Amino acid sequence: MNRASLKRSKILHMALMGTSDPSGEAEASHEKPFVLRALQIALVVSLYWVTSISMVFLNKYLLDSPSLQLDTPIFVTFYQCLVTALLCKGLSSLATCCPGTMDFPTLRLDLRVARSILPLSVVFIGMITFNNLSLKYVGVAFYNVGRSLTTVFNVLLSYLLLKQTTSFYALLTCSIIIGGFWLGVDQEGAEGTLSWTGTLFGALASLCVSLNAIYTKKVLPAVDGSIWRLTFYNNVNACVLFLPLLLLLGELPALYNFPQLGSAHFWGMMTLGGLFGFAIGYVTGLQIKFTSPLTHNVSGTAKACFQTVLAVLYYEETKSFLWWMSNMMVLGGSSAYTWVRGWEMKKIQEEPRPKEDEKSNVEV
């Protein structure tokens, strides 16, 4: 159990720091044939794409569907957190009752631990809430551009909080992302489809994504390095903190008067959204494990490009050349930043170190 927790902790550390696990990759490549490993990677990447894209389109339906007409974004987010928390507890109970059938940590609610990760939970709530609010007010096609500032906030927060400087080339890629973002905003305004509210929520979601990575690294020791325990506590805390928001924003009366409240289809779609919310964390870690953080970022960028094209086709939208150019700038800048950071990390790892005999001579 501890070994599994440490392994997940290592995967998260790789994702946050932008490093790879060459020993693990080398071990896996020796153990399995190339064709089998290639098929596994293709399956995992496909699973990540299907889960992520399906979750975006499903959330768009729940948040802004003319046929559903449900104006309770906080409740939708609350219910998804509730489903995730219940799934974590259910899988933990199953692993305890049937040992050996699956690898899942034992989950017991400890109020002391819940309080210790409360700052992360507040950021987590902001991240998923602003994310859903952005999706409610902007189209799926513009969604990736609206949330494209995560990389820029990563660089800014690394300097402000961690005092880490960024290379000129990395800053250049960030300027491309910012340029693509502003061009996208300009083109959405020219087409009359711009929502400043949705764009603001997208920028706040990007900020919270960056803060979430920093706070995750800080509080992970409180849950013994287990991502599943962190997921459980985060979602339990979120469910508790969402309750006063539901009352203050008046969403409970709106939900009570919702005509489809007793519809099995409505609750089925809501529960499916919660399942996708639970699954995205798992498949993200799985993709990082079977590939590398660099490949994961490249896969995420390619997925965003495909998702944008799919949304334009699905909603039968017509976009200008400059609108597409803004998307290419955002995706290209994000890919370039990933490549630059990977190259810099590789360069640091390959820097020559003092030889042992030289160190010995100096010490003598």
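The values are calculated or read from the model by the stated rules, or taken from the named source; none is laboratory data. Given the structure is predicted, the values throughout are model-derived calculations rather than measurements. Note that we place each Cβ from the backbone using ideal geometry, even for glycine, and neighbour counts take in every protein chain shown. Just so you know, the surface numbers come from the protein's heavy atoms only, side chains and all, with ligands and any DNA or RNA stripped out. Shrake-Rupley method; radii C 1.70, N 1.55, O 1.52, S 1.80 Å.
Out of curiosity, is Thr271 open to solvent by 20 Å² or more (accessible area, probe 1.4 Å) and within 16 Å of the chain's Cα centre (by Cα)?
Details: open to solvent by 20 Å² or more (accessible area, probe 1.4 Å): yes; within 16 Å of the chain's Cα centre (by Cα): no.
Answer is no for this residue.
Would you point out the residue of the stretch 172-205, among those that are in a loop (DSSP other than H, G, I, E, B) and either over 18 Å from Lys136 (Cβ atoms) or not polar (S, T, N, Q) (or both), that is least open to solvent (accessible area, probe 1.4 Å)? Checking each candidate, the answer is Leu194. Looking only at the stretch 226-244, residues that are among the hydrophobic types (A, V, I, L, M, F, W, C) and open to solvent by less than 50 Å² (accessible area, probe 1.4 Å) come to 7 in all. When we screen Leu12, Leu86, Leu63, Leu70 for residues that are at pLDDT 90 or above and either of a type in the set (Val, Ile, Thr) or open to solvent by less than 50 Å² (accessible area, probe 1.4 Å) (or both), the only hit is Leu63.
Applying the condition of being hydroxyl-bearing (Ser, Thr, Tyr) and modelled with pLDDT under 90 to the stretch 99-120 and asking which residue is nearest to Ser226 (Cα to Cα) yields Thr106.
Which one of Tyr169, Tyr137, Tyr159, Tyr215 is farther than 19 Å from Gly300 by Cα, without any contact (Cβ under 8 Å) to a residue 12 or more places away in the chain and open to solvent by 60 Å² or more (accessible area, probe 1.4 Å)? Write out each step before concluding.
Working: Tyr169 fails: without any contact (Cβ under 8 Å) to a residue 12 or more places away in the chain; Tyr137 fails: without any contact (Cβ under 8 Å) to a residue 12 or more places away in the chain; Tyr215 fails: without any contact (Cβ under 8 Å) to a residue 12 or more places away in the chain.
After ruling out the rest, the residue left standing is Tyr159.
Once the stretch 97-117 is narrowed to residues that are of a type in the set (A, V, I, L, M) and open to solvent by 70 Å² or more (accessible area, probe 1.4 Å), the residue that is farthest from the chain's Cα centre (by Cα) is Leu111. Taking the conditions (1) in contact with a helix residue (DSSP H, G or I) (Cβ under 7 Å, 6 or more places away or on another chain); (2) at pLDDT 90 or above in turn, Trp267 satisfies each one other than (1).
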